[in-house]
Amino acid sequence: MTSNLSHHIPAASLWSTPTFIAFLITVFLAFGSAQVLRSRRTDKALNTSKMVPPIRVAIIGLSANAVTDWASRAHLPYFLSPAGRSRYQIVALCNSDVASAKRSIKMFNLPPETRAYGSPEDLAADPDVQLVVCSTRVDKHFNTTLPSVKAGKDVLVEWPLAENVGKARELAEEAKKAGGRTLVGLQGWYIPTTLKLKEIIASGRIAVSDGLKYFAQRKVGGNFVTIGFGHVWDWVQNVVGDVQNIQSRLQIQRPELNVIDSYTGRVSEIIKSDVPDLIALTGTLPGSEHIVEGATFSMKFRRARAFQGEPALVWTIYGEKGEIRLTAAVDTMLQVSQLADVTIEIDDFARHRVERVDFRWEKYTELPLLSRSYASIYEAYAKGETGKYGDFDYAVRRHAQLDGLLDSWDASKKAAADSASSNGRPAHEELRGISYVGGAPMDTCCRIKL
């Protein structure tokens, strides 16, 4: 039920512009007997009053060839800010070759003594590097970080951690053996909407619940499911807990994609996608301080335009005393959104009125938008607050969930093909249509019902 409207993603850099995904999430929270919320837990802040030397950082993938790449837009601004300089020092870059790394050092005005590396192994052998930050294409994550992980260095890798759960698990296991700390770039934890929703649920307002071209290539690991869906999937669960007992249906509704050249605006080739563009699932939520065991979670996510006039994202959390509704007009990738089109409302059942909730960036407003969440991650890492950011083990859990969805889809396709073959009928073909890669942000839409 996706539309036949054009979808566009820049061919040269599929994530150079935000992905727009129309998305509806409904967490239905039905209640038994009246329940009282416990007081909100507070985390003890670590004592960071002692002056410590800055953490020495190496960045993999800070490219001089693309000034707007993710490393320069999301990571570098914090490291070069007063707050970042007080805790961190960039001492090395690692790119595809030494010459490229040297160009980046000059391009981004890093100190001339910054070391340039052309191989992950050479970087891993540098005893002066404490933290390695990897911001490359997903299918490069494993090979570029494994040497540093084995060397016992602390390592931050962008999400997805690797192109599949097997390699993600290997990275996590090697990190445990070597003893280094690990971080994953799931920055949605720190966006104002996530923090505000967690605050509302914890406050008791609604009571406790009971009830890129390679973007079309699954093998690369960075695609619609793992990135477009995966980031939203993560910050939703950061608010309500890990979804369990998942039942899902996936489908490719628009398998053919026109790759449009970013410079000429013309179609350069037609490719066939092997990545699902429709995800429908249901599950249950685990019991917690604010959610009763077995609350129902329902979600539908598709790559297609939202119905005309409807918001891109709607998320409702239904409680005994009220209901929360988050809406976003055009963009579900809230971790890279200006949030100007995002609203949070509470329907108070007793007062029969709807209240609009204010939220805003409270910290690091002097930094560019894309760098603010990473600032929170790097600050938590520097303070030793390990529970406040995702690590490799956490990433493996998310990879396992996503791989589980895809494995279930593979199994259902095989079963359908076997059944058709045994009955002498042709296997069912996916719905066909034309969508586009290149030019403008891609539209995607999702609906979720109880």
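The values are calculated or read from the model by the stated rules, or taken from the named source; none is laboratory data. Since the structure is predicted, the reported quantities are computational estimates derived from the model, not experimental observations. Cβ placement follows ideal geometry from the backbone for every residue including glycine, while neighbour counts extend to all protein chains displayed.
Before we move on, is VAL354 of a type outside the set (Ser, Thr, Tyr), surrounded by fewer than 17 Cβ atoms within 10 Å (Cβ to Cβ) and modelled with pLDDT of 90 or more?
yes
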Taking strands (runs of 3 or more DSSP E) that fall entirely within the range 292-350, which contain at least 3 residues that are among the β-branched types (Val, Ile, Thr)?
313-318, 342-348
Mind telling me which of the residues SER268, SER288 ends up being surrounded by fewer than 20 Cβ atoms within 10 Å (Cβ to Cβ) and closer than 30 Å to ASP407 by Cα?
SER288
Members of the range 101-113 found to be assigned to a loop (DSSP other than H, G, I, E, B) and not aliphatic (A, V, I, L, M), listed by number
PHE108, ASN109, PRO111, PRO112, GLU113
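Would you pick out the residues in the range 299-316 that are among the aromatic types (Phe, Trp, Tyr) and crowded, with 20+ Cβ neighbours inside 10 Å?
PHE301, TRP315
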Is it the case that the range 120-132 has a residue that's within 27 Å of the chain's Cα centre (by Cα) and either polar (S, T, N, Q) or at pLDDT below 95 (or both)?
yes
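Each row is one residue, and each column tells you yes or no for (1) under 17 Å from VAL157 (Cβ atoms); (2) surrounded by fewer than 15 Cβ atoms within 10 Å (Cβ to Cβ).
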| residue | (1), (2) |
| --- | --- |
| TYR78 | yes, no |
| LYS102 | no, no |
| LYS106 | no, yes |
| ASN109 | no, yes |
| ASP122 | no, no |
Would you confirm whether any residue within the range 178-198 is crowded, with 24+ Cβ neighbours inside 10 Å, at pLDDT 95 or above and over 12 Å from ALA395 (Cα atoms)?
no
Would you mind stating whether GLU163 is under 24 Å from ARG137 (Cβ atoms), surrounded by fewer than 24 Cβ atoms within 10 Å (Cβ to Cβ) and of a type outside the set (A, V, I, L, M)?
yes
Would you check which residues across the range 95-137 are of a type in the set (Val, Ile, Thr) and more than 19 Å from LEU76 (Cα to Cα) and list them?
VAL98
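Give, as residue ranges, the helices (runs of 4 or more DSSP H) completely inside the range 114-199 that count at least 2 residues that are touching a Pro at 6+ places or on another chain (Cβ under 8 Å).
Qualifying helices (runs of 4 or more DSSP H): 120-124, 141-150.
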Qualifying positions in the range 224-282 - hydrophobic (A, V, I, L, M, F, W, C), modelled with pLDDT of 80 or more and not in a strand (DSSP E or B)
PHE229, VAL232, TRP233, TRP235, VAL236, VAL239, VAL240, VAL243, ILE252
Working only within the range 411-439, note down all residues that are surrounded by fewer than 11 Cβ atoms within 10 Å (Cβ to Cβ) and either modelled with pLDDT of 55 or more or in contact with a Leu (Cβ under 6 Å, 6 or more places away or on another chain) (or both).
ALA411, ALA415, SER422, ASN423, GLY424, ARG425, PRO426
Of the conditions (1) more than 16 Å from the chain's Cα centre (by Cα); (2) modelled with pLDDT under 95; (3) surrounded by 14 or more Cβ atoms within 10 Å (Cβ to Cβ), GLU362 fails just one. Which one is it?
(3)
Within the range 317-349, restricting to residues that are of a type in the set (Ser, Thr, Tyr) and under 21 Å from the mean Cα position of the chain (by Cα), the one that is surrounded by the fewest Cβ atoms within 10 Å (Cβ to Cβ) is THR343
Looking at (1) out of contact with any helix residue (DSSP H, G or I) (no Cβ under 7 Å at 6 or more places or on another chain); (2) assigned to a helix (DSSP H, G or I); (3) within 22 Å of GLU158 (Cβ to Cβ), can you tell me which one GLY390 breaks?
(2)
When the residues of the range 365-395 are filtered to those that are surrounded by 23 or more Cβ atoms within 10 Å (Cβ to Cβ) and farther than 18 Å from ILE191 by Cβ, which remaining residue is modelled with the highest pLDDT?
PHE392
Of the numbered conditions (1) more than 20 Å from the chain's Cα centre (by Cα); (2) at negative phi, HIS352 satisfies every one except a single condition; which is it?
(2)
Could you check, for the range 300-314, whether at least one of its residues is at pLDDT 90 or above and on the phi < 0 side of the Ramachandran plot?
no
